[in-house]
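Heads up: the structure comes next, in structure tokens.
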Amino acid sequence: ITKTYGQFLAHWAKKLSWQEVAQSFKTSWHNVYTAVKEMVEYGLEHRDLSQIEAIGVDEVHYGKKLNYLTMVYQLDQNEKRLLFVERNRRVKSLLKCFRELGRENCLNIKYVCSDMWKPYLKVIKKKLPNALNILDRFHIVKKLNEAVNAVRIEENQRLNKEGYEPILDK
């Protein structure tokens, strides 16, 4: 496969399944795979990680069992991209991402958006000392709803003890 043809196939592989690309351009699935693999390798070798100021850290569940991927994104104003994907939801996974990013680049990060999983928070605090950690909206809303529900339950129990009828939504 020439470089130009490989770039062409890899471009189409972003829009269609690899099998559809292979069928459309009368080539093999393996050629499409090879083209994509070479483009990804080239991109990883030539990417610049020095100007990153904002990142997001999250995990994604996949499969039927407890399978997770740790993901780190760049979330800068004019640049949004996936930086790292590591297997598992573990401290080691996130540490590997920060190791690949490099100490100097970690010190340049000003903002991190993450969930409230304590092991991740600990690593972020240690490895990104200059960054403000912003907790993601989903987890903030979830915690607020839990707090409101706890107050509602307490008030209902208190009113029951005082002899008031429970308030039921109809």
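The values are calculated or read from the model by the stated rules, or taken from the named source; none is laboratory data. Keep in mind that what you see is a predicted model, and the values were worked out from it rather than measured. Counting neighbours? That spans all protein chains shown, and the Cβs are built from the backbone with ideal geometry, glycine included. The protein model used for the area step is the full one, side chains on, heavy atoms only, and it has no ligands, DNA or RNA in it. Shrake-Rupley method; radii C 1.70, N 1.55, O 1.52, S 1.80 Å.
Taking the three principal axes of the alpha carbon atoms in the range 1-60, the coordinate ranges are 43, 27, 15 Å, sorted in descending order. At 1.4 Å probe size, with the rest of the protein present, what percent of the exposed accessible area of the range 14-170 is carbon and sulfur atoms? Exposed carbon and sulfur together represent 54 percent of the surface.
Determine, from the Cβ-Cβ distance of SER28 and ARG103 and an R0 of 35 Å, the FRET efficiency 1/(1 + (r/R0)^6), rounded to the nearest 0.05. Could the numbers behind the result be given before it?
Values: r = 43 Å, r/R0 = 1.23.
Working from the Cβ atoms, E equals 0.20.
If you average the alpha carbon positions of the range 41-73 and of the range 119-170, how far apart do those two centres end up, in angstrom? Cα centres, the range 41-73 to the range 119-170: 29 Å.
What is the chain's relative contact order, in percent, from Cα pairs under 8 angstrom and six or more apart in sequence? Don't skip to the answer; put the middle values down first.
Values: 199 pairs, mean separation 23.6, N = 170.
Computed over the chain, the figure is 14 percent.
With every protein chain in place and a 1.4 angstrom probe, the accessible-area ranking of CYS113, CYS106, largest first, reads CYS113, CYS106.
Helix 29-46 and the longest principal axis of the C-alpha atoms of the chain enclose an angle of approximately 80°.
Rounded to the nearest 5, what % of the DSSP beta bridges within the chain are antiparallel ones?
On the way: 16 of 24 bridges.
That works out to approximately 65 percent antiparallel.
Here the label points at LEU132 and GLU79, each 7 Å from Cα along the C-beta direction, are separated by 2.1 nm in the simple model. Taking 32 Å as the cut-off for C-alpha to C-alpha distance, list the pairs among LYS15/LYS143; LYS37/LYS126; LYS37/LYS96; LYS65/LYS125; LYS3/LYS65 that go past it. Long pairs (Cα-Cα over 32 Å): LYS15/LYS143; LYS37/LYS126; LYS3/LYS65.
Rounded to the nearest 10 degrees, what's the angle between the helix 3-13 long axis and the longest principal axis of the chain, both from Cα atoms, 0 to 90? Long axis of 3-13 versus the principal axis of the chain: about 30 degrees. Under a 5 Å amide H cut-off, with hydrogens placed 1.01 Å from N, LEU83 pairs with VAL72, TYR73, GLN74 among residues at least 5 apart or on other chains. Length, then width, then depth: along the principal axes, the Cα atoms of the chain run 82, 43, 30 Å.
For the pair LEU95 and LYS65, the difference between a 0.36 nm per residue extended length and the Cα-Cα distance amounts to 8.4 nm. For the range 103-159, the spread of Cα coordinates along the three principal axes comes to 58, 17, 13 Å, biggest extent given first.
Roll a 1.4 Å probe over the protein chains and send me the accessible area per residue for the range 1-46 in Å².
76
Each label was represented as a point 7 Å from its Cα along the Cα-to-Cβ direction; for GLN19 and GLN51 these points are 4.1 nm apart. Relative to the dominant Cα principal axis of the chain, helix 118-127 is inclined by about 60°.
Amide H contacts of ASP136: SER114, ASP115, each under 5 Å away and 5 or more positions distant or on a separate chain (H built 1.01 Å from N in the peptide plane; Pro and chain starts excluded).
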